[in-house]
1. Can T59 be described as polar (S, T, N, Q) and free of Cβ contacts under 8 Å to residues at least 24 places away in the same chain?
2. Go through region 62-107 and report how many residues are among the basic types (K, R) and touching a Gly at 6+ places or on another chain (Cβ under 7 Å).
3. Scan region 181-188 and tell me whether some residue there is part of a strand (DSSP E or B), modelled with pLDDT of 90 or more and within 19 Å of V78 (Cα to Cα).
4. Testing K173 on (1) touching a Gly at 6+ places or on another chain (Cβ under 7 Å); (2) under 25 Å from D76 (Cβ atoms); (3) of a type in the set (D, E, K, R), one condition comes back false. Which one is that?
5. Pairs needed: first member in region 20-42, farther than 19 Å from F96 by Cβ; second member anywhere, hydroxyl-bearing (S, T, Y) and surrounded by 18 or more Cβ atoms within 10 Å (Cβ to Cβ); C-beta distance under 6 Å; at least 6 residues apart or different chains.
6. Scan region 103-133 for residues that are in contact with a Phe, Trp or Tyr (Cβ under 7 Å, 6 or more places away or on another chain) and assigned to a strand (DSSP E or B) and report the count.
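The values are calculated or read from the model by the stated rules, or taken from the named source; none is laboratory data. Here the structure is a predicted model, which means the values were calculated and not measured. Note that we place each Cβ from the backbone using ideal geometry, even for glycine, and neighbour counts take in every protein chain shown.
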Amino acid sequence: MIAVLAAAFFVQSVQNEFFPTTPGIVRRYEDTAFPKAVLAMRVDDPVLINGAMAIPVATIKDDYRLATVFYRVTADEVAIVGYDSAKPLPEPRIVFHIGKDVHSKGETTFMARPMSIIVDGESHLGGKRKVLGKDVDVLLVTLNAQVGKSMEDGFLSKQEMVFAKGIGLVEMKETVNAVGSIQSHTQKLKSYSARESGS
């Protein structure tokens, strides 16, 4: 009971306006990497990782959970703390810190195996854009990552993302360079919904 109350207090008191984490939120995306499919990203109830609350966000396709990413969220910063609640990353990997450049080294998971990663990123406010029919403030984030120790066993990734105030991620373009082969895909928000009160 105490854990449930603590989780509820955590969700109510710690929010990032560009990355809402209220349990039950579902964002649905069209992704050029999955033609004719819709990817759902659902915010689940917070869990304890290394003694601190983390927010799980599950990616679901055709009722199948593809992955879950666990986030640490503050008013200014969003960071990934793991891909498995039982195996947290050695150090959180920052996705963005509003208005600041970020640099981090650590581990990620690719094709079910751990790999080293170095990330350099920047973020800045981007004025207003029309999202789902409304004009909202947006945050523009760019992340450049080197995954693996070399191009022989890894790849380079560039992600250009748009986060909308009160909604979260609305668009992401990723370009991957792996041994000279360059591929890209784009993810765009199709709908947003929140859990109804009392459900």
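1. Working: polar (S, T, N, Q): yes; free of Cβ contacts under 8 Å to residues at least 24 places away in the same chain: yes.
For T59, the condition - polar (S, T, N, Q) and free of Cβ contacts under 8 Å to residues at least 24 places away in the same chain - is met.
2. First, pick out the residues of region 62-107 that are among the basic types (K, R): 65, 72, 87, 93, 100, 105.
Checking the rest, the ones that are also touching a Gly at 6+ places or on another chain (Cβ under 7 Å) come to 93.
Final tally of qualifying residues: 1.
3. Pass one, region 181-188, residues part of a strand (DSSP E or B): 181-188.
Then drop every residue that is not modelled with pLDDT of 90 or more, which leaves 182-188.
Next, only the ones that are within 19 Å of V78 (Cα to Cα) stay: none.
No, there is no match, as no residue in region 181-188 is part of a strand (DSSP E or B), modelled with pLDDT of 90 or more and within 19 Å of V78 (Cα to Cα).
4. Condition not satisfied by K173: (1).
5. L39/Y29
6. The first filter runs over region 103-133 and keeps only residues in contact with a Phe, Trp or Tyr (Cβ under 7 Å, 6 or more places away or on another chain), leaving 109, 121, 123, 132.
From what is left, the residues that are assigned to a strand (DSSP E or B) are 109, 121, 123.
Of the residues in that region, 3 qualify.
Listed here are the residues, each with its yes/no results for (1) more than 22 Å from G180 (Cα to Cα); (2) surrounded by 16 or more Cβ atoms within 10 Å (Cβ to Cβ); (3) at pLDDT below 95.
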position	(1), (2), (3)
T108	no, yes, yes
D135	yes, no, no
K149	no, no, yes
S157	no, yes, yes
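Per-residue answers, yes or no, for (1) surrounded by fewer than 18 Cβ atoms within 10 Å (Cβ to Cβ); (2) charged (D, E, K, R); (3) more than 20 Å from S157 (Cβ to Cβ):
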site: T22; (1), (2), (3): yes, no, yes
site: E30; (1), (2), (3): yes, yes, yes
site: F34; (1), (2), (3): yes, no, no
site: L39; (1), (2), (3): no, no, no
site: V43; (1), (2), (3): no, no, yes
site: Y71; (1), (2), (3): no, no, no
site: K100; (1), (2), (3): yes, yes, yes
site: K105; (1), (2), (3): yes, yes, no
